[in-house]
Structures are given as C-alpha cells and as structure tokens.
Amino acid sequence: MPQFKRLPAETLEKLKLVSTATASGMLLKIGIRNTFMEGVYPLCPDKVMVGQAFTLRYLPRREDIEEERGSRPRPQRLAIEGVGPGDVLVVDARGEMGCAVAGDILLTRVKVRGAAGFVTDGTLRDTPYIRTMDYPVYVRGANGQPSTRDFTDIGVNEPVACGGVAVLPGDVILGDGEGVVVIPLKHAQKIADEGWERERLEVFIREQVEKGASTLDAYPPNEEYMRRYQEWVKAQK
C-alpha cells in the first residue's frame, strides 16, 4: 500500500485546538475551496478528531469481481487491519445509504488499533452501540444492511471522495461537533501554526461583541481593536 509523509505528533496536537470552521476558512483564503464534507455528522459531537487519512474505497457491487477475488483478504479487512495510530480511516461510499460500510465489531478493531477516528459518507450498522464507544465516528446515516449487499470494496490507500471532498492518503482529517474538514498535507503545518492564533483572536472578538462592540469595527478588528487584542493577549500570560 502507498505510504505518505507522517506529520510530527506536535503538529497533530496543535490542530486539536483549531475548529473545523477556522480551518476551512483559512484554507479558503489560500485558495482551497472545497474542504468541508457535506452530509457527514458526528455520532459523538463532543469528541475532537485529528489524524492523517488512511482510505478505503467502495464501488457498486460487481459479482464477477467478488468471484475473482476468491479467498483472498478483502480490501475492507486490509484497511481495518492496516490503519493505526495517527490515522483516520476514511471510507468512500459514494454517498450511498442502501447498506452499511461496517459495524460495531470492525469499528472496535479500528479503535483498538489506535486509529484517531473513522469517517464515511455512507452508513454504519450498530450505531446505538457505536455511540457508546466514546470514539470519534462520522457518518451520513445508519443502516442495518451489511456492505456485501450493494458494495464491492476495491481500493486501499488511494485517492477517494468523501462527503463531496477529495481526500488523498496522508491528508489531515479534522473533526469536531460541526463536522469534518480535509486539510491538504502540504498546508497542515500552516493551519496548525496559525490556526490556534486565529481561535484566540475570535475569542477576543466575541468578548468585545458581547460587550457591545460593532462588527463594523471589531470583526474583522480595525487598528484600534488589534491594539486592544495585543493588550488582551499580554494580560492572558
């Protein structure tokens, strides 16, 4: 399976301080427009997920492909057993909801292997139990039907689409209570280094608006509010 550049653990930890809203806004400013997955929601909204994409791709079911595969391990199981610490398993189900891509046992294995989370633009089985796992899982919906009804698992660690967003192996997958954003690998360090500062600035702006400040002056902050912000930062230390 293709390998990708591993980011330092410190970078991934920094990104946990950045919201999906901030990250997607920063990416838009540097020209990366389509980064927020559509129709994908968290089963545990209080969890934050940061890791690098390890991908699995499904096609509509083709019986001849299944027959030719014979007893060889399915790509689905190769992905489940290949994902590990620092990874997020991203499953491309083409937005189809007629059957599930996995269930509680496979999700348990992903968690036990140390993966940072799981994302699919399809559905999962056993979601009542999965919600109790205290684990970052993002889905489009729930369905009790197994994947073998409609899907053929076809590719591991290759470019995929998930929630309408292109995902390359190694891209950073950032999830919070709002959803999931895909951060291209080459921009991840910039978002990590500058995103937390943007989050701090927005805390300050929100406080000023709560005190009666006009958004015409404070959002974005004019010169006077930037001066106040620098004073506010010093007072926090």
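Of the candidates Val119, Val110, the single residue that is surrounded by 24 or more Cβ atoms within 10 Å (Cβ to Cβ), assigned to a helix (DSSP H, G or I), of a type in the set (Val, Ile, Thr) and in the same structural domain as Val48 (by TED's automatic domain parsing) is Val110. Listed conditions (1) within 24 Å of Lys5 (Cβ to Cβ); (2) in contact with a strand residue (DSSP E or B) (Cβ under 7 Å, 6 or more places away or on another chain) are all met by Ala100, apart from (1). All of (1) within 18 Å of the chain's Cα centre (by Cα); (2) not in a loop (DSSP other than H, G, I, E, B) hold for Gly170 with one exception: (2).
The C-beta contact set for region 168-189 (first residue on the phi > 0 side of the Ramachandran plot, second residue surrounded by fewer than 24 Cβ atoms within 10 Å (Cβ to Cβ) and β-branched (Val, Ile, Thr), distance under 7 angstrom, 6+ apart or interchain) comprises Gly179/Thr20; Gly179/Val40. No other residue among Glu210, Glu197, Glu202 is touching a helix residue (DSSP H, G or I) at 6+ places or on another chain (Cβ under 8 Å) and surrounded by fewer than 16 Cβ atoms within 10 Å (Cβ to Cβ) apart from Glu202. A Cβ distance below 8 Å, combined with a sequence gap of six or more or placement on separate chains, defines the contacts here; from region 57-79, residues that are at negative phi reach residues that are of a type in the set (S, T, N, Q) and assigned to a helix (DSSP H, G or I) in the pairs Tyr58/Ser147; Arg61/Thr148; Gln76/Ser147. Going through (1) on the phi > 0 side of the Ramachandran plot; (2) modelled with pLDDT under 95 one by one, Gly212 falls short only on (2).
Of the candidates Val83, Val40, the single residue that is in contact with a Leu (Cβ under 9 Å, 6 or more places away or on another chain) and touching a residue at least 24 places away in the same chain (Cβ under 8 Å) is Val83. Can you name every residue in region 138-154 that is surrounded by 24 or more Cβ atoms within 10 Å (Cβ to Cβ) and of a type in the set (Val, Ile, Thr)? Scanning region 138-154 gives a single hit, Val139.
Note on region 190-237: residues that are in contact (Cβ under 8 Å) with a residue 60 or more places away in the chain and among the hydrophobic types (A, V, I, L, M, F, W, C) total 3. Filtering Gly117, Gly122, Gly95 for residues that are in contact with a Gly (Cβ under 8 Å, 6 or more places away or on another chain) and closer than 19 Å to Gln52 by Cα leaves a single hit, Gly117. Of the residues screened, Arg140 is not one that is of a type in the set (Lys, Arg) and either over 23 Å from Lys47 (Cβ atoms) or free of Cβ contacts under 8 Å to residues at least 60 places away in the same chain (or both).
For region 132-154, the candidate set comprises residues that are more than 16 Å from Arg94 (Cβ to Cβ) and in a loop (DSSP other than H, G, I, E, B); within that set, the residue that is nearest to the chain's Cα centre (by Cα) is Pro136.
Exactly one residue among Arg109, Arg62 is modelled with pLDDT under 95 and over 13 Å from the mean Cα position of the chain (by Cα), and that residue is Arg62.
Against the numbered list (1) of a type in the set (A, V, I, L, M); (2) more than 25 Å from Arg33 (Cβ to Cβ); (3) crowded, with 21+ Cβ neighbours inside 10 Å, Val160 comes up short only at (2). Looking only at region 1-43, filter to residues that are part of a helix (DSSP H, G or I) and among the small types (Gly, Ala, Ser); which one of those is surrounded by the fewest Cβ atoms within 10 Å (Cβ to Cβ)? Per the stated criteria, the residue is Ala9.
The values are calculated or read from the model by the stated rules, or taken from the named source; none is laboratory data. All values derive from a computational prediction rather than experimental measurement. With ideal geometry, Cβ positions are generated from the backbone for all residues, glycine too; neighbour counts draw on all protein chains shown.
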